[in-house]
Number of protein chains: 2
Amino acid sequence: MKPSTKTRVPEALARLPGQPVAAIDTPSLVIDLDPMRRNLMRMAEFARKHRVRWRPHAKMHKSTALARLQLQSGAVGVCVQKTAEAEAMAAGGITDIFISNEVIAPHKLARVAALAHELAAAHGQLAIAVDSTEGVTRLAQAMNEARRQHGAPAVINVFVEIDVGQGRCGVAPGGPALALVHEVRNHAALRFAGLQAYHGAAQHLRSPEHRREAIARVVEHVLDTRALIERQGIAVELVTGAGTGSMVCEAASGVFGELQAGSFLFMDADYARNERDPAQPVFEHALFVKTQVISAAADHAVCDAGHKSHAIDSGLPRVVGWPGGELAFANGGDEHGILRPIAADRKLPAVGDVLWLVPGHCDPTVNLHDYMIAVAGGLHGGTVERIVRVDARGALT
Amino acid sequence: MKPSTKTRVPEALARLPGQPVAAIDTPSLVIDLDPMRRNLMRMAEFARKHRVRWRPHAKMHKSTALARLQLQSGAVGVCVQKTAEAEAMAAGGITDIFISNEVIAPHKLARVAALAHELAAAHGQLAIAVDSTEGVTRLAQAMNEARRQHGAPAVINVFVEIDVGQGRCGVAPGGPALALVHEVRNHAALRFAGLQAYHGAAQHLRSPEHRREAIARVVEHVLDTRALIERQGIAVELVTGAGTGSMVCEAASGVFGELQAGSFLFMDADYARNERDPAQPVFEHALFVKTQVISAAADHAVCDAGHKSHAIDSGLPRVVGWPGGELAFANGGDEHGILRPIAADRKLPAVGDVLWLVPGHCDPTVNLHDYMIAVAGGLHGGTVERIVRVDARGALT
């Protein structure tokens with residue numbers, strides 16, 4: 001296992017545990033542990049009920065502590081998108097990791113192959129997605145090179161990713177996918193482990209009907225492709241995919257054996273804009289930016305959280321819990337948020353007032369922060385329980 | 001001076017200096033030093049010619065090494081937006097710092113006051129902006145507390161920020177500003193240093209005429225407010241403000257004594273969309289994301305840079321230098337960019353190809369990265385000269 005490059009928690013954060021929420025500086029990223037634990041429990045229960053494995057995406061929280069918590073709750077392992085994220089998870093003791101993305105650079109594939117051997121030595125396993133001949137050939141070269149250097153040659157689990165409607169990565173379903181499966185099976189160091197079929201765009205379709213329609217097409221592609229592969233006498237052990245938005249559809253399909261949903265743990269403002277499918281567990285907001293008003297005028301107030309504190313790719317954050325009435329949050333740039341009452345007769349917050357924001361999108365919001373501050377007992381009246389390091393923050397390569 | 005919490009440069013980066021650009025991993029943030037140095041020289045020359053001080057905004061690069069380089073080129077100090085940024089700059093040896101933003105939390109103001117004393121002891125100085133009575137009163141309390149604890153009581157330079165049209169922070173020009181000046185002057189530890197008048201929205205007006213009109217109104221507000229203050233026998237030593245978009249207007253006004261422009265150093269795709277004022281120096285793109293194609297289909301290719309590698313608040317990045325013809329970059333989410341040729345007959349990049357992106361907005365892009373890789377001799381054929389640490393990355397509080 002690579003040594004963890006842990007830095008010491010800064011002094012101002014290290015003394016927070018045990019202190020009241022009021023002691024948390026602004027802007028800070030705060031986990032409300034009570035709803036987070038309920039989200040976790042509901043996900044575990046959902047997976048048990050549907051007899052489906054869950055391998056939450058650690059690209060969302062980037063924290064080895066939260067990954068371990070998910071494993072303790074029944075997750076089979078984690079997904080990541082980047083080799084550096086996989087290395088950070090492994091450094092934190094996670095031994096079952098799936099890089100659910102394509103890796104092409106030979107020097108990165110050498111790291112992938114080394115990690116496959118390290119995890120195998122720790123009785124774990126590494127998996128990766130492929131969608132091109134180059135990807136398969138280069139991965140096999142890297143694995144063969146690593147196997148020559150190791151006393152105990154490992155294999156890597158390889159999922160052929162098919163494009164099921166998102167138009168991003170993935171080989172075309174059917175014939176092209178089958179051809180790639182054959183290529184994977186040509187290499188002794190690569191073990192064909194199944195199909196990855198993830199439809200990112202379907203996660204954010206607002207109506208359950210539209211999500212069901214989109215995933216019905218996904219399932220058709222998967223069934224066709226799986227049948228084609230199985231007709232060659234090749235087993236498709238596992239189909240993996242799904243996100244927080246569409247997971248009830250994949251779970252009900254009988255085709256997907258593994259769910260990759262990650263955002264359910266924190267829920268963000270964008271996922272909350274989805275109309276909930278009745279089959280979906282109730283997931284509550286558990287990630288917040290604590291912010292303070294630093295300036296106020298007659299018609300607006302300004303808080304100290306801008307888009308260096310929260311990502312805005314999926315919309316602006318929502319202000320919650322302001323007792324003076326609903327507030328609209330307008331983008332004030334990198335370091336500021338501009339607040340206006342939605343109803344004209346409502347009270348604006350004053351200089352010094354504290355506000356809580358639900359970020360539009362949790363994954364890139366977490367990636368802006370080195371630490372999250374985990375609170376038990378609620379945002380109002382609770383206590384800081386622990387500091388959660390974002391171990392894979394900025395792990396881009 | 002607070003001790004710097006420098007972590008060691010990761011091994012993979014530490015061995016890059018002296019190596020060719022091809023050795024840089026993807027996605028990485030790369031500084032093209034040749035245009036950056038030309039930008040710096042042109043800014044210094046512009047300021048000299050217009051007899052105006054320049055205090056570049058370090059919120060943009062967040063690097064003490066680049067701040068020192070700017071000081072060596074004639075900058076009088078740096079601006080920052082956050083107390084934690086000021087502390088990071090001070091830890092890197094910068095002794096003339098202006099927090100061009102409001103600070104309200106008492107525990108943060110205690111840090112501001114401590115820093116004012118530390119910088120004064122190092123023969124430097126700290127300045128801060130205020131726009132409310134609470135801000136002035138709390139700052140004075142924090143300074144008085146710090147003065148009691150220090151053998152050599154320091155003062156802090158205080159700029160009254162006026163809202164000159166952006167509708168964000170700032171007290172109203174005229175009477176309200178004068179009232180706040182009086183409040184500042186009531187406290188021995190606060191030294192009224194002048195006015196801050198920054199119009200953020202004006203920076204991105206596309207036509208030079210619109211920018212000139214907006215800044216003409218800014219100048220009117222400043223002139224009125226200054227006259228009102230001076231009629232009370234109070235000197236307004238300095239008016240500070242301006243950004244890369246409008247700086248030629250403030251410089252020509254005869255009213256602004258100091259320019260805060262920061263983005264000129266790197267120039268981003270958004271500022272490049274401004275029609276250049278003939279009076280503006282030519283600033284070249286000097287900040288790039290190096291990315292690699294990891295997947296390709298018939299009608300698109302996918303690269304490994306998404307909005308965890310580059311901020312998208314001011315638009316998507318622009319692909320530059322692809323020899324197959326102009327490519328459109330579409331958002332592929334946190335970790336992917338989707339590339340399509342703009343003309344149908346042009347060649348798509350293939351799996352493994354390297355592309356260069358100009359980020360839409362440099363400030364929040366830099367804030368995503370722990371390090372920037374500085375290259376001399378150009379992106380094609382150049383050599384890595386040094387690794388630049390983003391010292392104040394994530395310095396939010």
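Quick check on A:GLY135: is it open to solvent by 10 Å² or more (accessible area, probe 1.4 Å) and modelled with pLDDT of 95 or more? The answer is no for A:GLY135. So, B:PHE264, is that one more than 10 Å from chain A (Cβ to nearest Cβ), open to solvent by less than 10 Å² (accessible area, probe 1.4 Å) and either out of contact with any strand residue (DSSP E or B) (no Cβ under 9 Å at 6 or more places or on another chain) or among the hydrophobic types (A, V, I, L, M, F, W, C) (or both) or not? Yes, satisfied. For segment B:267-282, taking the residues that are of a type in the set (D, E, K, R) and open to solvent by less than 20 Å² (accessible area, probe 1.4 Å), the one that is farthest from the other protein chains (Cβ to nearest Cβ) is identified as B:ASP277. What is the residue count in segment B:191-215 for residues that are within 30 Å of B:MET143 (Cα to Cα) and without any contact (Cβ under 8 Å) to a residue 12 or more places away in the chain? Of the residues in that region, 0 qualify.
When you scan segment A:167-182, how many residues do you find that are buried (at least 19 other Cβ atoms within 10 Å of the Cβ) and within 14 Å of another protein chain (Cβ to nearest Cβ)? Counting residues in segment A:167-182 that are buried (at least 19 other Cβ atoms within 10 Å of the Cβ) and within 14 Å of another protein chain (Cβ to nearest Cβ) gives 7. Among the residues making up segment B:318-330, those that are within 19 Å of A:CYS169 (Cβ to Cβ) and either in contact with a Leu (Cβ under 6 Å, 6 or more places away or on another chain) or β-branched (Val, Ile, Thr) (or both) are B:VAL319, B:LEU327, B:PHE329.
Picking from residues in segment B:354-363 that are open to solvent by 10 Å² or more (accessible area, probe 1.4 Å) and hydrophobic (A, V, I, L, M, F, W, C), the one that is nearest to the chain's Cα centre (by Cα) is B:TRP356. Does any residue in segment A:122-141 that is touching a residue at least 60 places away in the same chain (Cβ under 8 Å) come within less than 8 Å, Cβ to Cβ, of a residue that is part of a loop (DSSP other than H, G, I, E, B) six or more places away or on a different chain, and which pairs are these? Qualifying pairs under 8 Å: A:ALA122/A:MET1; A:ALA122/A:THR95; A:ALA129/A:SER100; A:ALA129/A:ASN101; A:ALA129/A:GLU102; A:ALA129/A:CYS169.
Suppose the filter is open to solvent by less than 20 Å² (accessible area, probe 1.4 Å), more than 23 Å from B:GLU85 (Cα to Cα), more than 7 Å from chain A (Cβ to nearest Cβ) and not charged (D, E, K, R); does B:LEU348 pass it?
no
Going by the conditions given, is A:VAL130 more than 12 Å from chain B (Cβ to nearest Cβ) and within 25 Å of the chain's Cα centre (by Cα)? Taking the combined requirement at face value, the residue does not satisfy it.
Yes/no per residue for (1) touching a residue at least 12 places away in the same chain (Cβ under 8 Å); (2) among the basic types (Lys, Arg); (3) surrounded by 15 or more Cβ atoms within 10 Å (Cβ to Cβ); (4) within 14 Å of chain B (Cβ to nearest Cβ):
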residue	(1), (2), (3), (4)
A:PRO341	yes, no, yes, no
A:GLY352	yes, no, yes, yes
A:THR365	yes, no, yes, yes
A:HIS380	yes, no, no, no
A:THR397	yes, no, yes, yes
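Among the residues of segment A:230-240, at least one is at pLDDT 95 or above, part of a helix (DSSP H, G or I), away from chain B (no Cβ under 14 Å) and over 28 Å from A:ASP353 (Cα atoms). The number of residues in segment A:24-41 that are closer than 21 Å to A:HIS361 by Cα and outside any strand (DSSP E or B) comes to 10. Consider segment B:293-323 and keep the residues that are of a type in the set (A, V, I, L, M) and either in contact (Cβ under 8 Å) with a residue 60 or more places away in the chain or part of a loop (DSSP other than H, G, I, E, B) (or both). The one that is most open to solvent (accessible area, probe 1.4 Å) is B:ALA298. Assessment of segment A:236-258 against the conditions (open to solvent by 10 Å² or more (accessible area, probe 1.4 Å) and at positive phi) yields at least one matching residue.
May I ask you to list the residues in segment A:65-112 that are of a type in the set (A, V, I, L, M), more than 14 Å from chain B (Cβ to nearest Cβ) and touching a residue at least 60 places away in the same chain (Cβ under 8 Å)? Explain how you work it out, then say what you get.
Initially, segment A:65-112 is screened for residues of a type in the set (A, V, I, L, M), giving A:65-67, A:69, A:71, A:75-76, A:78, A:80, A:84, A:86, A:88-91, A:94, A:97, A:99, A:103-105, A:109-110, A:112.
After this cut, where a residue has to be more than 14 Å from chain B (Cβ to nearest Cβ) as well, the list is A:65-67, A:69, A:71, A:75-76, A:78, A:89-90, A:94, A:97.
Answer for segment A:65-112, where residues must be of a type in the set (A, V, I, L, M), more than 14 Å from chain B (Cβ to nearest Cβ) and touching a residue at least 60 places away in the same chain (Cβ under 8 Å): A:ALA65, A:LEU66, A:VAL76, A:MET89, A:ALA90.
Here segment B:22-43 is the region considered, the condition is being of a type in the set (Asp, Glu) and more than 13 Å from chain A (Cβ to nearest Cβ), and the residue that is least open to solvent (accessible area, probe 1.4 Å) is B:ASP32. Among the residues of segment B:11-66, those that are under 19 Å from B:ALA392 (Cα atoms) and either among the small types (Gly, Ala, Ser) or at pLDDT below 95 (or both) comprise B:SER28, B:ALA58, B:SER63, B:ALA65. Against the numbered list (1) open to solvent by 10 Å² or more (accessible area, probe 1.4 Å); (2) aliphatic (A, V, I, L, M); (3) within 26 Å of B:ASP313 (Cβ to Cβ); (4) modelled with pLDDT of 95 or more, B:ALA392 comes up short only at (1). The set of residues from segment A:324-339 being within 29 Å of B:HIS61 (Cα to Cα), open to solvent by 10 Å² or more (accessible area, probe 1.4 Å) and not in a loop (DSSP other than H, G, I, E, B) comprises A:PHE329, A:ALA330, A:ASN331, A:ILE338.
When restricted to residues that are in contact (Cβ under 8 Å) with a residue 12 or more places away in the chain and open to solvent by 20 Å² or more (accessible area, probe 1.4 Å), segment B:220-231 contains 5. Only one residue in B:HIS187, B:HIS285, B:HIS199 is at pLDDT 95 or above, in contact with a Gly (Cβ under 9 Å, 6 or more places away or on another chain), open to solvent by 10 Å² or more (accessible area, probe 1.4 Å) and not basic (Lys, Arg). Which one? Just a single option satisfies the conditions, and that option is B:HIS199. Counting only helices (runs of 4 or more DSSP H) that fall entirely inside segment A:52-131 and contain at least 2 residues that are among the hydrophobic types (A, V, I, L, M, F, W, C) and open to solvent by 10 Å² or more (accessible area, probe 1.4 Å), the qualifying elements are A:64-72, A:83-91, A:106-121. Residues that are assigned to a helix (DSSP H, G or I) and among the hydroxyl-bearing types (Ser, Thr, Tyr) within segment A:132-172 comprise A:THR133, A:THR137, listed in sequence order.
How many of the residues in segment B:196-241 are closer than 20 Å to B:ARG55 by Cβ and either of a type outside the set (D, E, K, R) or in contact with a helix residue (DSSP H, G or I) (Cβ under 8 Å, 6 or more places away or on another chain) (or both)?
Within segment B:196-241, residues that are closer than 20 Å to B:ARG55 by Cβ and either of a type outside the set (D, E, K, R) or in contact with a helix residue (DSSP H, G or I) (Cβ under 8 Å, 6 or more places away or on another chain) (or both) number 17.
The values are calculated or read from the model by the stated rules, or taken from the named source; none is laboratory data. Keep in mind the model is a prediction, meaning the values are calculated, not measured. Cβ: placed from backbone, ideal geometry, glycine included. Neighbour counts: every protein chain shown. Side chains included, ligands, DNA and RNA excluded: accessible areas come from the protein's heavy atoms. Shrake-Rupley method; radii C 1.70, N 1.55, O 1.52, S 1.80 Å.
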